[in-house]
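Okay, so here's the structure we're looking at.
The values are calculated or read from the model by the stated rules, or taken from the named source; none is laboratory data. Note that the coordinates shown come from a computational prediction; the quantities given were computed from them, not determined experimentally. Cβ atoms come from the backbone with ideal geometry, glycine included; neighbour counts cover every protein chain shown. Surface accessibility is based on the protein's heavy atoms, side chains included, excluding ligands, DNA and RNA. Shrake-Rupley method; radii C 1.70, N 1.55, O 1.52, S 1.80 Å.
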Amino acid sequence: AKGGSAESYTQGRYEAFGPGGSLLIIDSLTDNSNRALVEIRTSITKKGGHLGSTIFNFTQTGLFVFKGNNRDEVEENLILSDVDVREVTEEDGSIEVLVEPSAFGQAREVLGGMGISEFDVAEITFLANDPIELTDPEDKRKFDALCDMLDELQDVQNVYHNVKA
């Protein structure tokens, strides 16, 4: 469009060490990268963390969660359709499917062909390789406060971490 007043948005990814050995990946979408960096860094620093390289502790994964109890059938259909499946698990009437990110669309089509069209979760996400539990109440409080602060920032889109809920 003409006019020159269109805003331009930039994606950003920040990695951080948080309280109690927690690791975070923070995705942003902003019209001002400097503001986003300062706000994210300030939030992390206030809660006892610092920026640093943590992405090697996570694996990017396609994730589907839906109601069902036919785990074997789901896994078989995905494999027969040549979907690059990492894992299929069933627990409490829900099925969780992990696939390579590049196979996300293909997996969704196969699941749709099986009549599965409603998902509790259907996204490409980062899963922690080694999830941790924060046992120190002070670390847990700081971590929760950090997540709340990051959620309040207008430029933050997603926060991934290695802390068990």
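In Å², and per residue, what accessible area does the chain have when probed at 1.4 Å with the other protein chains present? Normalised by residue count, the accessible surface of the chain is 59 Å². Working note: 222 nm ellipticity from helices only, DSSP H runs with n ≥ 4, each -39,500 (n - 2.57), summed and divided by the residues of the chain, gives -9500 deg cm²/dmol to the nearest 500. Taking a ≥ b ≥ c as the square roots of the Cα gyration tensor eigenvalues, with a/c under 1.5 meaning rounded and otherwise prolate when a/b beats b/c, else oblate, which class fits the range 1-110? Note, shape of the range 1-110 comes out oblate.
Within the chain, what whole-number % of the accessible surface is contributed by carbon and sulfur, with the 1.4 Å probe and all protein chains included in the calculation?
44 percent
Taking amide H as placed 1.01 Å from N in the peptide plane, ASN158 has its amide H under 5 Å from the amide H of ASP27, each at least 5 places away in sequence or on another chain. Separation of the range 50-78 and the range 137-163, taken as the distance between their Cα centroids, equals 22 angstrom. What is the helix-to-structure angle for 104-113, meaning the angle in degrees between its Cα long axis and the longest Cα principal axis of the chain, kept from 0 to 90 and rounded to the nearest 10? That helix lies at roughly 40 degrees to the long axis. Going by accessible surface with a 1.4 Å probe and the largest first, HIS50, HIS161 read HIS50, HIS161.
Counting only protein heavy atoms and using a 1.4 Å probe, the accessible area of PHE119 comes to about 40 Å². Just check the range 20-63 against the gyration tensor rule for me: Cα atoms, a ≥ b ≥ c as the square roots of the eigenvalues, rounded for a/c under 1.5, and otherwise prolate or oblate depending on whether a/b exceeds b/c. The shape class here is oblate. Ordering GLY93, ILE132, PHE143 by Cα displacement along the dipole of the chain toward the positive end leaves PHE143 in first place; charges were set at the Cβ atoms of Lys, Arg (+1) and Asp, Glu (-1).
Taking GluC sites (Glu not before Pro) across the range 1-66, the ones in a DSSP loop with at most 16 further Cβ atoms lying within 10 angstrom of their Cβ are GLU7. Ordered by 1.4 Å accessible area with all protein chains kept, GLU109, GLU73, GLU138 run largest first as GLU109, GLU73, GLU138. Near the amide H of THR54, within less than 5 Å, lie the amide hydrogens of ALA16, all on another chain or at least 5 residues away, with H placed in the peptide plane.
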